[in-house]
């Protein structure tokens, strides 16, 4: 296991001590560890944006000119912009 | 009239040089970046932009590209849209639906779209874009037009304009009305 130092408000520290005293957890360290684990388990969406962060970093490297060139190539074709959007609206 | 509601296809047209409205859409995008005009649009436009970028890139290039290019392309498209300083309308909050035996809450935008369906026989996303436009007009009386390149909406512009209380114009008509060319 790794060690991290975390500063908390006095009130939070006292609450943790109360939980340890009630034997809900062995010690404050275990209390914080279990609470963090439970929170991460309940909120997987917190990490959903990790991939997006990497993509956004890569997007920074593409210039506007490069993007416009790629867009012209990708969107090129017989269908109009309205038809391309319209396909997503259930038309055509 | 310098403030308008922008349909998704106007933005896509500005990136598609072979589109019939490209010249006008490009002129609109340039004026938006320069703060000469202001656009509002639904948060749905973000989703539609991502969808078009994703679908088209996949169809055209997926055999050649194994890297992240498609994902980067989608992100760049969304950032390009944001660079136009567009205000995104999010009709937030759930409200109970006002039909007797339906006991549920639904997002306000959905409720407005259902109400709109009573007035116009349109497809789901058209209803939602027009509901957002109608809401935007209620919030901002300066909003002068709903600008779209969509032939189906343009063909019904007389009746739809009355519902959303502002004219529905093609990019060409909008550019001409403002003398932007």
Subject >> Kirkwood-Stokes translational diffusion coefficient of the range A:11-92, alpha-carbon pairs, 37 °C, 0.692 mPa s, µm²/s >> reply: 181 µm²/s
Original post:
Could you put B:159, A:30 in order, starting from the residue whose Cβ has the fewest other Cβ atoms within 10 Å?
Top reply: B:159, A:30
**OP:** Just the number, please: percent antiparallel of the DSSP beta bridges in chain B, rounded to the nearest 5.
**Re:** 20 percent
**OP:** Could you work out which residue, out of B:45, B:86, B:104, moves most in a Gaussian network model of chain B, that is, has the largest mean-square fluctuation with Cα springs under 10 Å?
**Re:** B:104
**OP:** Starting from the Cα of residue B:119, move 7 Å in the Cα-to-Cβ direction to define the label point; list residues of the range B:164-181 whose amide nitrogen is under 15 Å from there.
**Re:** B:164-168
**OP:** Give the dimensionless ratio obtained when the Cα radius of gyration of the protein assembly as shown is divided by 2.2 N^0.38 Å.
**Re:** 1.30
Original post:
Kirkwood Rh, the range B:59-181, all Cα pairs: how many Å?
Top reply: 17.1 Å
Original post:
Which of A:63, B:49, B:8, B:115 comes first, and how do the rest follow, when ranked by fewest Cβ neighbours within 10 Å?
Top reply: A:63, B:115, B:49, B:8
**OP:** Would you calculate the separation in nanometres between label points at residue B:162 and residue A:66, each defined as 7 Å from the Cα along the Cα-to-beta-carbon direction?
**Re:** 5.3 nm
**OP:** Please build a GNM for chain B, connecting alpha carbons under 10 Å apart, and tell me which residue among B:110, B:125, B:11 fluctuates the most.
**Re:** B:125
**OP:** Kindly put B:5, B:174, A:53, A:25 in sequence by how many other C-beta atoms sit within 10 Å of each C-beta, fewest to most.
**Re:** A:53, A:25, B:174, B:5
Subject >> Number of partner chain Cβ atoms within 10 Å, mean per residue of B:68-79 >> reply: 6
**OP:** Go ahead and set up a Gaussian network model of chain B, Cα springs under 10 Å, then flag whichever of B:34, B:126, B:150 fluctuates most.
**Re:** B:34
Subject >> Separation of alpha-carbon centers, the range A:1-32 and the range A:51-71, rounded to whole Å >> reply: 44 Å
Subject >> the range B:86-147 versus the range B:4-56: alpha-carbon centroid distance in Å >> reply: 21 Å
Original post:
Other chains' Cβ within 10 Å of B:44-52 residues: what's the mean?
Top reply: 3
Original post:
For A:50-63, what's the mean count of beta carbons from other chains sitting within 10 Å of each residue's beta carbon?
Top reply: 4
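A short reminder: the numbers here are calculations on the coordinates, not readings from a lab. Keep in mind the model is a prediction, meaning the values are calculated, not measured. So basically every Cβ, Gly included, is an ideal-geometry build from the backbone, and we count neighbours across all protein chains shown.
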